[in-house]
1. What does the charge count near ARG130 come to, summing +1 for each Lys or Arg and -1 for each Asp or Glu among other residues with Cβ under 14 Å from its Cβ?
2. Let me make sure I get this right: for the stretch 344-463, a, b and c are the square roots of the gyration tensor eigenvalues over alpha carbons, sorted descending. Under 1.5 in a/c it's rounded, otherwise prolate if a/b > b/c, else oblate. Which is it?
3. Tell me which lysines have Cα within less than 26 Å of LYS363's Cα, excluding those fewer than 8 residues away on the same chain?
4. What distance in nm separates the simple spin-label points at THR446 and VAL596, each placed 7 Å from Cα in the Cβ direction?
5. Classify the stretch 468-596 as rounded, prolate or oblate from the Cα gyration tensor: take a ≥ b ≥ c as the square roots of its eigenvalues, call it rounded if a/c is under 1.5, otherwise prolate when a/b beats b/c and oblate if not.
6. Under the Karplus relation 6.51 cos²θ - 1.76 cosθ + 1.60, θ = phi - 60°, what is the ordered set of whole-Hz ³J(HN,Hα) values for the stretch 380-394, x standing for Gly and Pro?
7. Using a 7 Å offset from Cα along Cα-Cβ at ILE329, what residues in the stretch 98-139 end up with backbone N under 13 Å from the label point?
8. Can you list the residues, at least 5 places off or on another chain, whose amide H is less than 5 Å from the amide H of ILE38, using H built in the peptide plane?
Amino acid sequence: MTINLNPIALVALGLIAISGLSAADASDSEVRQGPVAIKAGEVGIGSMIPDLSFTAIDGTQLRLSEFAEAPVTVVAMTGTGCPLCLKYSPTLAAIEQEYKDRGVRFLFINPNKSEDLERLHNAVLVHAFRGPYVRDDDRAISRTLGVKTTTEVFVLDRSRTLVYRGAVDDQYGFGYALETPRQTFLRDAIESVLDGAIPRISATTSPGCELLMQEDPTIAEATEITYHRQIARIINRNCVECHRDTGIAPIPLETYEQVQDYAGMIRSVVDRGVMPPWFAAPVEANALAGDPPVQHWANERRLSATEKAKLFAWIDADTPEGDPDDAPIAQQFADGWLIGKPDAVFEFAKPVPIQATGVMPYKNITVETNFEEGKWVRAIEVRPGNRSVVHHVIVSLQSDEVDERSGYWGVYVPGNSVLDYPEGYAKWLPAGAKLRFQMHYTPNGTATEDSTRVGIIFSKQPPKHEVKVAGIVNPRFTIPAGASDHAVTAKLNVPDNVEVLGFLPHMHLRGKAARYELIRDGKTETLLDVPHYDFNWQLLYRLAQPRAMHPGDTIRYTSWYDNSAGNPANPDPTRDVRWGEQTYDEMHLGYVEYVVMEQTVKAKPESSNGNSQARLFRRLDVDGDGFITRAEVRERMPGEKSAATTTFDRLDRNQDNKVDREELSRL
């Protein structure tokens, strides 16, 4: 389940609290504005930039194609008047110097004709800019690039494909300045291109002095749509991660002939919203005035209206191939681990045999870790041994410290296999924990076998935040035979001040739709709506901006099931269906990934006494709301009602008729 965000590599917590502002804060505040992620497909990411010609202030005449020997070209807007341009000039110079030995080239564009040549030459001298410095008096270059502000940067690969546009980083914005940046967008984009990958964040707003254009600020492209110039870039960015010879999808889409052969099918699945796989209802987050929609989901895979229009127009024009010299650079898919060399790898003790045809029930395989002490884990990657038959994997922990409500620990679904957290965030791996792999296999016509592995990288130091997963679950349901729209609901009362990072709804073959809602002060807000759930894609929906929640809030998870004969995937519409692990049964399980904001993360494992108390708390907290009530104690200890009630009163020191973990620790 990706969660990778390689290429979507977790957008890994996306833009976590840029300059302390949420997306809504950034759009509502006229004083403080930091960069926020915006929808890449709406601002030309993946487009081929025209072969611009320009004259540098030293008189050198150049074309953009002359930069083709560079693995990465950075086109950086700049100026000598805008305050934010002045602040970012040293940063741009430092990044240019940092990457010069790796062949990265910079091109500096100044769109302000009011700034005389002497000032421009002085800026080059003061900051030691190495790349050409161009005066764009008529703003022809700026107009072609669709520039929005004087601080925007554009990252191009060798084929002049735009892979990133937006802010340099988040150190400076309107109304604030940080000691050091929290997010290094430009550096991250350069590193991604050098590694042959897609940046985890491909587009952001860029606070700076806005430029007025007589035309709409969209990237100017050639009007003729061909495979090599436009379509290959759309396919390359959105499809080939799975649709390749060594990928998990059944049809490779790496060549013109392959895409042409399946053009009709491509149009059908894109038009129906089946591909790329993304099933959340659209959410338009607040945007700055005149900007494209803010990115609400960090790992959203939906094609933009512009991308769809190009694709359909190309198919309607009988799929012209165009000039192979216009082709984009193919993505690189390393044979090694996406997270880098793991600190530890765990694999099945023996391969699992996979039948040639039919449907296989879930396989549950347990692997020992044998760590004598707990570990903080920064990155987790699940690697199927045989991608052609592994549909998805959910890795959970088994130990004295956790139970099934602790949710997934690692995940793999088509196109996503990595949980890679930024500095300050990590997951806990208890001492002696076992890894439980829930394997969903899909036979491919040939008998084979699989031995899946998981690799992990440890945190260098205890994190600030422990990433946790809660499961909102209702195991006591019955879906009547023939019911076409049966709803099941469960709630989770938020016990602490938390930031929610993402959601992962889980059902089986009768799953039809899912919804997460926030209930606060009597009002209900939809957090995630999946109107058309597809069991074949167990997707994690990760927020670009974590959502703060507080005690008193409730998250309600509702899922709908189709147990009728009208559901073609229904194994048996004539029987009532209840909870069960296999696909012919059902589940009602809504995962929530989150961090507790006030929690102090411990550098060492809890004592055995602390582990015992944790187990006792989980046993008594029947509804999983983070509190123990008298009714729950009586339910779990029916033969000790008097003693249990006396102990409860002694622990309930604030007399609020409930006991939390801190109060229980006094036992």
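1. On the way: positive: LYS100, ARG102, ARG105; negative: ASP58, GLU96, GLU98, ASP101.
Result for the local shell: -1.
2. Working: a/c = 2.33, a/b = 1.88, b/c = 1.24.
Prolate, because a/c is 1.5 or more and a/b exceeds b/c.
3. Those lysines meeting the cut-off are LYS350, LYS427, LYS434, LYS468, LYS512.
4. 5.0
5. Numbers: a/c = 2.32, a/b = 2.03, b/c = 1.14.
In terms of gyration-tensor shape, prolate.
6. Residue by residue, the stretch 380-394 yields 9, 10, 9, 10, x, x, 9, 4, 5, 10, 8, 7, 8, 9, 10 Hz.
7. Zone members listed by number: 102-105.
8. When sequence neighbours closer than 5 places are left aside, the close amide H contacts are ALA203, THR204, THR205, GLN295.
All of the numbers you see were taken from the coordinates with simple rules; none came from a lab. Quick caveat, the model's predicted, so the values are computed rather than measured. As a convention, Cβ positions derive from the backbone with ideal geometry for all residues, glycine included, and neighbour counts pool all protein chains shown.
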